[in-house]
Each structure stands twice: as structure tokens, then as C-alpha cells.
Amino acid sequence: MKKFRESTIDVNVRCEGNICLIDVTGCLNALTTSQLEKEIQMSLYRRTLHFYVFNITRLESLDSVGMGCLVKIYNRIEDPGTHMIMYGLSDELLKLFRWTNMDKSIQIFNTEDEALDYIAEKSF
């Protein structure tokens, strides 16, 4: 019998000024999406946030439910003047984002510095 690895996720949310930095580590799937949604929901009460920056350099896997979770979060976050940004996508995840056209809605960068430079330009 094949043994499956346990699905876990760790979400660290840091809000500074108008930026919310979200580090996601582990697997984003049907078993873990509720934890990410819960962490994001708490930050949505802060009306001063304009940029939600997701660090997914340590995201190990993403299934269709996890992708649906990201779309749901995007729909909650995206208002005029509010942006969802991601950085650290693996080549495989980048292909998936392009295939689903998510790269047209979410700004994608290689590094945190690139994402923060983009924010600095948008803030003026």
C-alpha cells in the first residue's frame, strides 16, 4: 500500500503600513486551504492595506482546490487600489498561472525585492 505524505501548511502574515506580506510554506490543497483563508481573512479587516504580497518560494504543491483558494482570495482582495502580488513561483507553477491566465490578474515577480520595487513605483 502506498503511503501518502501528510499535507501541512504554514502561513506567516506580516502587515507593515499598506503592505501585507504573506509567507506560504508547504502544501496548498483541499486539506490546508481553510488555514490560508483564515489568515488572510483576519488581514482583510484592515482597510489601510493596498498590497497583498504572497511569498510562495517554499510552496511544495498546489492542487486544483488550492488554485481555487487563490482565486477566491484574489476576488476578496481585488478592489480599486488594492493589488495581489506573488513572487517565488517555481517554473511549474508559473506555467500553471499562465495556462489559467492568472498571470493577467496577479502581478508575478521573481523576488521580494522586485515586488517591493513595483509597490514603490505604484505608491507614487
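Shown for the chain: lysine pairs separated by 8 or more places, or found on different chains, whose C-alpha atoms are under 18 Å apart, numbering 4. If the chain linking D63 and S90 were pulled fully straight, counting 0.36 nm for each residue of separation and taking away their Cα-Cα distance, it would gain 8.3 nm. Toward the positive end of the charge dipole of region 9-109, about the Cα centre and with charges on Cβ (Lys, Arg +1; Asp, Glu -1), which of G26, F54, L96 goes farthest? Most positive-ward Cα: F54.
Normalised size of the chain, defined as Cα radius of gyration per 2.2 N^0.38 Å with N residues, equals 1.04.
Considering only L70, L28, L94, the mean-square fluctuation computed in a Gaussian network model of the chain, springs between alpha carbons under 10 angstrom, is largest for L94. With axes computed from alpha carbons, what is the tilt in degrees of helix 33-44 against the longest principal axis of the chain, rounded to the nearest 10 within 0 to 90? In the chain, helix 33-44 runs at an angle near 10 degrees to the longest axis.
As a rough footprinting exposure proxy, the listed residues R98, R46 were ranked by other beta carbons within 10 Å of their own, and the order from fewest upward is R46, R98. Return the percentage of antiparallel bridges among DSSP beta bridges fully within the chain, rounded to the nearest 5 %. Counting DSSP beta bridges with both partners in the chain, the antiparallel share is about 30 percent. The 3J(HN,Hα) values that the Karplus relation (6.51, -1.76, 1.60; θ = phi - 60°) gives for region 47-55 are, in residue order, 6, 7, 7, 10, 10, 10, 10, 9, 9 Hz. Gly and Pro appear as x.
Give the range of the longest stretch in the chain that excludes all GluC sites (Glu not before Pro) found in loop regions by DSSP and having at most 14 other beta-carbon atoms within 10 Å. With a cap of 14 other Cβ atoms within 10 Å, the longest stretch comes to 7-77. Between I9 and C27, the built amide H atoms are under 5 Å apart, and every one of these is 5 or more places off in sequence or on another chain. Positive-end ranking of G81, I108, V71 along the dipole of the chain, with charges on Cβ about the Cα centre, is headed by V71.
Of interest is the spacing of the C-alpha centroids, which for region 1-76 and region 78-121 amounts to 14 Å.
Where a number appears in this text, it was derived from the coordinates with a stated rule and is not lab data. Computed from a predicted structure; not experimentally measured. Heads up, the Cβs are rebuilt from the backbone with ideal geometry, glycines too, and the neighbour counts pull from every protein chain shown.
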